[in-house]
Amino acid sequence: MITLENDYIKVDLLAKGAELQRLFSKETNIEYLWNANPKYWAKHSPVLFPIVGALKNDSFTYKDKNYALPRHGFARDHVFNVEKPSATEAIFTLTQSEDTLKIYPFYFELKLKYQLIERKLNLTYEVINTGTDELLFSLGAHPAFAVPNTLNTVYEDYYLAFNADEKLTYWKLDNGLVDDETESIELGGHKLNLKHDLFYNDALVFKTLQSNCISLLNTKNDYGLHFHFEDFPFFGIWAAPDAPFLCLEPWCGVADGVNHDQNLEHKEGIVKLNAGEKWERFWEVECF
């Protein structure tokens with residue numbers, strides 16, 4: 001376990017999957033991250049790479065060859081190399097291997113950089129194409145936050161506040177694939193009240209979200225968090241059925257559509273990176 005700590009927050013990180021394990025505020029004495037209870041979902045905050053969501057038939061074609069990849073890819077199940085430059089920063093690195101090349105024929109370097117900045121945890125993703133051919137990939141975040149996170153509150157006391165959206169349009173999922181059908185939710189005062197049945201049919205998938213900051217708040221006290229993200233064209237909000245957590249998921253990429261032809265080069269949201277190029281995105285959470 002790798003621990004980062006400053007005067008305000010403390011986080012624990014694991015080399016397997018470069019996964020965040022704990023997000024604790026010293027000021028509020030609150031554990032903001034989901035505890036990964038396997039009764040509901042045994043993850044905290046996996047990285048989704050080199051795909052987001054499910055592939056049609058769990059496979060894709062590239063240059064007339066067929067490859068099989070599990071839901072959300074393989075990075076979350078691999079052990080990353082770790083550097084810890086300071087008490088408040090850690091860098092995790094994963095590259096291709098003989099095993100990954102059998103199921104994903106690309107050379108890459110994936111870095112996750114965690115940094116504490118006062119009351120904020122910043123996670124920056126960096127992908128470098130170390131091969132000679134074009135690199136095709138998707139990448140997404142999947143952090144799960146505890147709901148409720150304070151005593152004397154229940155799930156229905158909590159809500160999400162969007163800094164720009166007044167209405168949410170989401171795409172339905174059909175056995176993990178994105179359907180053509182959409183539904184909309186009108187937001188009163190930019191707020192989405194949480195209730196378990198929002199997620200009984202899987203995640204809410206957004207392709208047109210205008211906000212770049214979503215706050216998790218409640219009606220009983222002033223504790224909460226601000227979740228800030230930039231330049232992610234897709235977003236997912238999810239919880240396991242009746243589970244005491246909520247996932248806020250910025251994505252560069254999305255699950256296959258129900259009518260997708262399975263060609264990776266045609267995949268919606270696929271990132272294409274030339275040899276030697278570098279790509280970066282980040283999200284940041286502030287606890288209060």
Query - Count of the stretch 77-135 residues which are among the basic types (K, R) and either under 27 Å from I30 (Cβ atoms) or at pLDDT below 95 (or both) - result: 4
Report summary line: Exception for Y67 within (1) under 30 Å from A243 (Cβ atoms); (2) assigned to a strand (DSSP E or B); (3) in contact with a helix residue (DSSP H, G or I) (Cβ under 7 Å, 6 or more places away or on another chain) falls at (1)
Query raised in the report: Can you name the condition, by its number, that T61 falls short on among (1) part of a loop (DSSP other than H, G, I, E, B); (2) in contact (Cβ under 8 Å) with a residue 40 or more places away in the chain; (3) under 20 Å from L177 (Cα atoms)?
Result: (1)
Report task. Could you tell me which residue of the stretch 256-288 is nearest to K65 (Cα to Cα), considering only residues that are in a strand (DSSP E or B), out of contact with any Pro (no Cβ under 7 Å at 6 or more places or on another chain) and aromatic (F, W, Y)? Result -> W279
**Report entry** Selected residue (only one of L13, L69, L101, L48 is aliphatic (A, V, I, L, M), closer than 20 Å to C287 by Cβ and open to solvent by less than 60 Å² (accessible area, probe 1.4 Å))
**Finding:** L13
Query raised in the report: For the stretch 104-125, what are the residues that are open to solvent by less than 60 Å² (accessible area, probe 1.4 Å) and of a type in the set (V, I, T)?
Result: T124
Query raised in the report: What are the residues in the stretch 256-272 that are open to solvent by less than 10 Å² (accessible area, probe 1.4 Å) and either among the hydrophobic types (A, V, I, L, M, F, W, C) or free of Cβ contacts under 8 Å to residues at least 40 places away in the same chain (or both), if any?
Result: L264
Query raised in the report: Of everything in the stretch 241-255 that's open to solvent by less than 10 Å² (accessible area, probe 1.4 Å) and outside any loop (DSSP other than H, G, I, E, B), which residue is nearest to L198 (Cα to Cα)?
Result: L246
Query raised in the report: For the stretch 149-200, which fully contained strands (runs of 3 or more DSSP E) count at least 1 residues that are surrounded by 14 or more Cβ atoms within 10 Å (Cβ to Cβ) and in contact (Cβ under 8 Å) with a residue 60 or more places away in the chain?
Result: 158-162, 167-174, 177-186
Report task. Within the stretch 134-148, count every residue that is over 18 Å from I237 (Cα atoms) and buried (at least 17 other Cβ atoms within 10 Å of the Cβ). Result -> 3
Report task. From (1) within 17 Å of E156 (Cα to Cα); (2) within 19 Å of the chain's Cα centre (by Cα), pick out the condition that doesn't hold for W279. Result -> (1)
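The values are calculated or read from the model by the stated rules, or taken from the named source; none is laboratory data. These numbers come from a predicted model, not from an experiment. Every residue, glycine among them, receives a Cβ derived from its backbone with ideal geometry; neighbour counts consider all protein chains shown. Side chains are part of the model used for accessible areas, which takes the heavy atoms of the whole protein and leaves out ligands, DNA and RNA. Shrake-Rupley method; radii C 1.70, N 1.55, O 1.52, S 1.80 Å.
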